[in-house]
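Below you'll find the structure, written out as structure tokens, and then a few comments.
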Amino acid sequence: MKIAIVILNWNGKKLLEQFLPSVIKFSKYEGVEIYVADNASTDASVQFITENFPTVKIVQNKQNGGYAKGYNDALQHINAAVYALINSDIEVSENWLQPIISTFENEPKTAIIQPKILDFKNKTRFEYAGAGGGFIDAFGYPYCRGRLFDTIEKDTEQFNDTTEIFWASGACFFIRAKVFHELQGFDEDYFAHQEEIDLCWRAQNFNHTIKYVGTSTVFHVGGATLKEESPRKSFLNFRNSLFSLVKNIPTNKLIPVIFVRLILDGVAGVKFLLELRPIHTLAIIRAHFSFYHYLPKMLKKRKKSHQKNTYYKIKSIVWNYFIEGNKTFSDL
């Protein structure tokens, strides 16, 4: 199986210097090629790769279009059966590819796969962005096995399984090339954050399966491009999650779900104010206005998809976590 490992880079010379060697060392399989998709970096990233890693191929994008456009542009120039899209701050482990390759080969309906993602800074714990596989609740709030909001579990091999999930983390995201192009890739209006959730949702609307393979492990630094506390990240997460709801939930649920969701976002904004983080409250307000601006466009995109009635297992992760006090995935 021909696999292209594609690392999106923007001014990440230091990250490439630190993490690219592990990718090269543990990815020496027949049919596997490593690419760096450079998003118009202004540092010496491209020169550094050329001089130090001659086996790594480079695709240079003309502009920094973020995660979504960056990968959409680069993958037009890469021929493979499977794309392995990994962040530049990912360290891979020995034998990380084989379990995933085997799953693709044995399960034709499986279109997208995520490995176990642990925290590079604390390798006994799951990492925020993906952990043991992602899900969403009825109102579009994402959560993971191993991570509910800011509560992150220790890895005790409780998620060393292979199981179906709702979304795979964009930090380490395997997808069949045919499916990626049939779905027209990531939605570029997202720029960054949650475009992988939207793509996974659209894939499932067309009867593809998303899997988590816990016998493959990678380690993620997290927040290397946008820190967790960044108001820009809050803006993108709140807005893009609303985009995904409009595009993908069933028609009979569209208005009530969006209405409740906007109220819940307002509650989150008040919570940020009480925590003396008004800049994040402002980010939510900006996210809502941006959402209203894009709403007609998202409704047009909705017509191209095939919404399904069942898309969640937990009605409200907010209620479960903050009211009922369920802090781990097993509590749900």
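The values are calculated or read from the model by the stated rules, or taken from the named source; none is laboratory data. Values in this document were obtained by computation on a predicted structure and should not be read as measured data. Counting neighbours? That spans all protein chains shown, and the Cβs are built from the backbone with ideal geometry, glycine included.
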Quiz item: What do you reckon, is I279 under 23 Å from I314 (Cβ atoms) and touching a helix residue (DSSP H, G or I) at 6+ places or on another chain (Cβ under 8 Å)?
Solution: no
Quiz item: Mind checking which residues of the stretch 22-77 are assigned to a helix (DSSP H, G or I), of a type in the set (F, W, Y) and farther than 24 Å from F180 by Cβ?
Solution: F48
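For every residue, the table says whether it meets (1) surrounded by fewer than 21 Cβ atoms within 10 Å (Cβ to Cβ); (2) in a helix (DSSP H, G or I); (3) modelled with pLDDT of 95 or more.
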| position | (1), (2), (3) |
| --- | --- |
| I210 | no, no, yes |
| T215 | yes, no, yes |
| F219 | no, no, yes |
| L226 | yes, no, no |
| R232 | yes, yes, no |
| L242 | no, yes, yes |
| L245 | no, yes, yes |
| K253 | yes, yes, no |
Quiz item: Going through the stretch 308-331 one residue at a time, which ones are hydroxyl-bearing (S, T, Y), at pLDDT 95 or above, in contact with a strand residue (DSSP E or B) (Cβ under 9 Å, 6 or more places away or on another chain) and part of a loop (DSSP other than H, G, I, E, B)?
Solution: T328
Quiz prompt | In the stretch 163-186, the residues that are touching a residue at least 60 places away in the same chain (Cβ under 8 Å), farther than 18 Å from K109 by Cβ and either crowded, with 24+ Cβ neighbours inside 10 Å or among the aliphatic types (A, V, I, L, M) (or both) | solution = G170, A171, C172, F186
Practice problem: Scan (1) in contact (Cβ under 8 Å) with a residue 40 or more places away in the chain; (2) more than 20 Å from D73 (Cα to Cα) for the single condition T156 breaks and write down its number. | Solution: (1)
Self-check item: Pair list, Cβ < 7 Å and 6+ apart or interchain, from the stretch 239-268 residues that are small (G, A, S) to residues that are part of a helix (DSSP H, G or I)
Solution: S244/I197; S244/D198; S244/W201; A268/I284
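For every residue, the table says whether it meets (1) surrounded by 23 or more Cβ atoms within 10 Å (Cβ to Cβ); (2) of a type in the set (S, T, N, Q); (3) assigned to a strand (DSSP E or B).
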{"residue": "N79", "(1), (2), (3)": "no, yes, no"}
{"residue": "L85", "(1), (2), (3)": "yes, no, yes"}
{"residue": "I100", "(1), (2), (3)": "yes, no, no"}
{"residue": "T103", "(1), (2), (3)": "no, yes, no"}
{"residue": "P108", "(1), (2), (3)": "no, no, no"}
{"residue": "A111", "(1), (2), (3)": "yes, no, yes"}
{"residue": "I117", "(1), (2), (3)": "yes, no, yes"}
{"residue": "F135", "(1), (2), (3)": "no, no, yes"}
Quiz item: Which pairs do you get when a residue that is more than 19 Å from D198 (Cβ to Cβ), found in the stretch 118-138, comes within reach of a residue that is among the polar types (S, T, N, Q), reach meaning Cβ atoms under 7 angstrom, with the pair 6+ apart or on two chains?
Solution: L118/T217
Quiz item: From the list T124, T162, which residue is touching a Pro at 6+ places or on another chain (Cβ under 9 Å) and either under 25 Å from F26 (Cα atoms) or aromatic (F, W, Y) (or both)?
Solution: T162
